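Here, each number is a calculation from the coordinates, and none is a lab measurement. In this text, all values refer to a predicted model and were calculated from it rather than measured experimentally. Don't worry about glycine lacking a Cβ; one is built from the backbone with ideal geometry, like all the others, and counts go over all protein chains shown.
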Amino acid sequence: MQTLHQAALAHLPAAADVAPHYAAPLQLPLYPRTESSIGVVHLGLGAFHRAHQAMVFDALLERGDARWGVLGVAMRSTGLADALAAQGGLYTVQVSSREGPRWQVVGAVLQTCVAAREPAQVVAAMAAPGTRWVTLTVTEKGYGPALADLLVQGLAARRAAGLGGLTLASCDNLSDNGRKLQKLCVDAAAQQDSALARWIDSACAFPNSMVDRIVPAATAQQRADAARVLGVMDACALGTEGFWEWVIERRFVDAADGAALAAVGVTVVEDVKPFEEAKLRMLNGSHTAMALIGAVLGLSTIADCVARPAIRRFVYGLMTDVVMPHLQRPGLPAYRDALLARFDNPQLHHSVHQIATDSSLKIPFRWQATALAQLAAGGSIEPLALATAVWMRYLRGEDESGQVYAISDPMGATLQATAQQHSGDVPGTVQALLAVTSMWGDALPRDARWATRVAYWLQSIMQHGVAASLEACCPGY
């Protein structure tokens, strides 16, 4: 079977007819890709970017604005970048809902490279006259010296060429991600050249942003389905849900970019924080809790979790009684219900172990502020205390049926050793694991109510199991 490439696009609608059981339309990039230019350097080429920001840039290119072509930069791994390059940057996205799938071939990624292999190409791209934006999905753990050095090199080369600044938009799950990225770049530049640091601070724009779309890891089944629909092989096919959201602060080098983004569905606002906090605490916080629960119960996906009434009640209670009282996003009940519907999408095979990855980095942003706010208000902390106890049980590295699983976390080995050291000693386990200040800070471990309730639920889990503990925690919904 032929491989997806630019010349094959003209034949794809006919090829789709060979799979009549897929009634959903096939959307193709109808704009002249050869006339599009690279205006965006994206760092962190992966599934999420390709199913989110790249599809937004694809919509802008469809509207005739040729400035939004993407150079997709993988930070270290070469496989995806090279596979996309072999297909001219084209790939297929299966967009799934309860009604079934639809298909879209995305053409926004014009070139790819690998930062670790071709750093000079990345620097030159950031310094190119046509480049206007840098976007990033490097995960929470990616904001370190290596990223700062790469960005500062590119911005220094741009300044040396006499060009204007760039809009640099973090699309990672970090609170105040734009300000954090700005500080990272300015501080790194200041160590080399104070004038460069001032230029970055004044000439570049670092908008805060919040992105949301569930993008499971790509599967062989999706590649096989794409081949049946298109009639050509696509090694880079992936799937996602129908819902997407990108909320971005009105802070751009080119002020007209706000209207352009809004025209294709991006929400441009003066303050991202209400949306960011709702997403981090409701979507991401619930996701982490469900992933840990599912892992311990031996469930495979988030949809499997939500299909269990006790878990659904738990998530509803967590969002309604614990998280929502401290949020300001408009329409919170409707947002909660939309999240539950998204979690329940049977077409998405979103692995609990994928979501549980890097929990030690995610939990501080997703749970800690809510727990502190509830304690200060005298409100219920039971769902979050139970989730924390489940995390402690998860660190044993085996589910309740004895099936062993790997813990993918930068602190995984240390945390697992701590949990094993105190195995069978609930108070000792709670004391030792709550003492990890990088996760829980200083205030939570000192709060007797918090430690007591976490210990209560861990004891319940050890005696009665996770399912019974869930039933006891949120019986009323």
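What the table below lists for this structure:
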read-out: Given charges at Cβ of Lys, Arg, Asp, Glu: segment 26-91 dipole, positive-most of A54, T78, L28; value: T78
read-out: Among 288-295, 377-384, the order from most to least packed when residues are scored by Cβ within 10 Å on average; value: 288-295, 377-384
read-out: Segment 253-351, dipole about Cα centre (Lys/Arg Cβ +1, Asp/Glu Cβ -1), debye to the nearest 20; value: 480
read-out: With Cα atoms, 0 to 90° folded angle of helix 194-203 axis to the chain main axis; value: 90
read-out: Angle between the chain longest axis and helix 145-160 axis [Cα atoms, degrees, rounded to 10]; value: 30
read-out: Table column - 3J(HN,Hα) (Hz), segment 425-440, Karplus curve with 6.51, -1.76, 1.60, x for Gly and Pro; value: 10, 4, x, x, 4, 4, 4, 5, 7, 6, 7, 7, 5, 5, 9, 10
read-out: S351, S170, S401, S175 arranged by Cβ crowding within 10 Å, fewest neighbours leading; value: S401, S175, S351, S170
read-out: Residue-by-residue Karplus 3J(HN,Hα) for segment 317-326, coefficients 6.51, -1.76, 1.60, Hz, glycine and proline x; value: x, 4, 5, 6, 8, 10, 8, 4, x, 10
read-out: Dipole of the chain, positive direction: furthest Cα of A169, G89, Q121, with charges on the beta-carbon; value: A169
read-out: Anisotropy class of segment 224-338 from Cα gyration tensor, a/c 1.5 cut; value: oblate
read-out: Around A278: net Lys/Arg minus Asp/Glu count, Cβ-Cβ under 11 Å; value: +1
read-out: Shape of segment 273-473, Cα gyration tensor, a/c cut at 1.5; value: oblate
read-out: Three-way shape label, segment 74-211, alpha-carbon gyration tensor, a/c 1.5; value: prolate
read-out: Peptide ranges 111-120, 41-50 listed from the most packed, as the mean C-beta count within 10 angstrom indicates; value: 41-50, 111-120
read-out: Estimated dipole of segment 189-230 in Debye, rounded to 20 [Cβ of Lys and Arg +1, of Asp and Glu -1, Cα centre]; value: 240
read-out: Percent of beta bridges antiparallel (DSSP, the chain, rounded to nearest 5); value: 30
read-out: Principal-axis tilt of helix 177-190 within the chain, Cα atoms, nearest 10 degrees; value: 70
read-out: Burial order of peptide ranges 128-138, 217-227 (average beta-carbon count within 10 Å, highest first); value: 128-138, 217-227
read-out: Leading residue at positive end of dipole, the chain (Cβ point charges), from A376, S286, M439; value: A376
